[in-house]
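Student: Quick one: the structure is below, questions incoming.
The values are calculated or read from the model by the stated rules, or taken from the named source; none is laboratory data. Because the structure is predicted, anything quoted here is derived from the model rather than measured. Quick reminder, even Gly has a Cβ in these numbers, built from the backbone with ideal geometry, and neighbours come from all protein chains shown. These area figures cover heavy atoms from the full protein model, side chains too; ligands, DNA and RNA do not enter into them. Shrake-Rupley method; radii C 1.70, N 1.55, O 1.52, S 1.80 Å.
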Amino acid sequence: VPFISMFLTLLLLFLALFPGVFSCCTKISDEIPKGILRRVERFEMQRADGLCHLEAVILYIERRKFCVSPRISKVKKWMKRNKQKIPRRKHHGGKQRGMKTIKKKKKIN
């Protein structure tokens with residue numbers, strides 16, 4: 001019983017000290033449909049240093065995340081066009097910046 005409680009304590013301590021370790025992309029896609037890029041709500045850059053060992057662009061769409069290669073030309077162009085419109089967060093290495101909000105236009109029916 002003391003071993004189990006000590007193990008759980010160490011596990012909780014590890015999770016508290018390194019929260020990003022379980023949210024890293026471990027696999028990336030080398031292609032992405034344009035339809036997915038149109039629906040992105042925010043994105044993050046994952047660096048290959050620190051806790052995560054794979055460089056990736058993390059795209060968030062409706063509470064789902066897609067990990068794609070930052071070398072895809074379509075993604076590079078999209079990020080260049082949308083860097084002011086889409087909020088970015090940098091959790092994985094580097095200094096964290098505040099999020100920008102997107103003002104959505106109201107539809108008039």
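Student: Subtracting the Cα-Cα distance from 0.36 nm times the residue separation, let me have the gained length for Lys77 to Thr26 in nm, one decimal.
Tutor: Fully extending the segment from Lys77 to Thr26 adds 16.0 nm.
Student: Enumerate the aspartates and glutamates that Lys74 could reach by cross-link, defined here as Cα to Cα under 18 Å, with residues fewer than 8 away along the same chain left out.
Tutor: Counting by Cα, and skipping residues close in sequence, Lys74 has these aspartates and glutamates nearby: Asp30, Glu31, Glu41, Glu44, Glu55.
Student: Keeping all protein chains in place and using 1.4 angstrom, which order do Glu62, Glu31, Glu44 fall into by accessible surface area, from largest down?
Tutor: Glu31, Glu62, Glu44
Student: Provide the per residue accessible area, probe 1.4 Å, for the stretch 22-82, rounded to a whole number of square angstrom.
Tutor: Solvent-accessible surface per residue comes out at 65 Å².
Student: If Arg47, Arg38, Arg71 are ordered by their accessible area, calculated over protein heavy atoms with a 1.4 Å probe, which sequence runs from highest to lowest?
Tutor: These residues rank, largest area first, as Arg38, Arg71, Arg47.
Student: Using 7 Å Cα-to-Cβ label points, what is the Arg38/Leu12 separation (nm, one decimal)?
Tutor: 4.8
Student: May I pose another question? With no solvent and one point on each alpha carbon, what is the Debye value of log10 I(q)/I(0) for the stretch 22-82 at q = 0.25, 0.30 Å⁻¹?
Tutor: Debye intensities relative to I(0), on a log10 scale: -1.09, -1.46.
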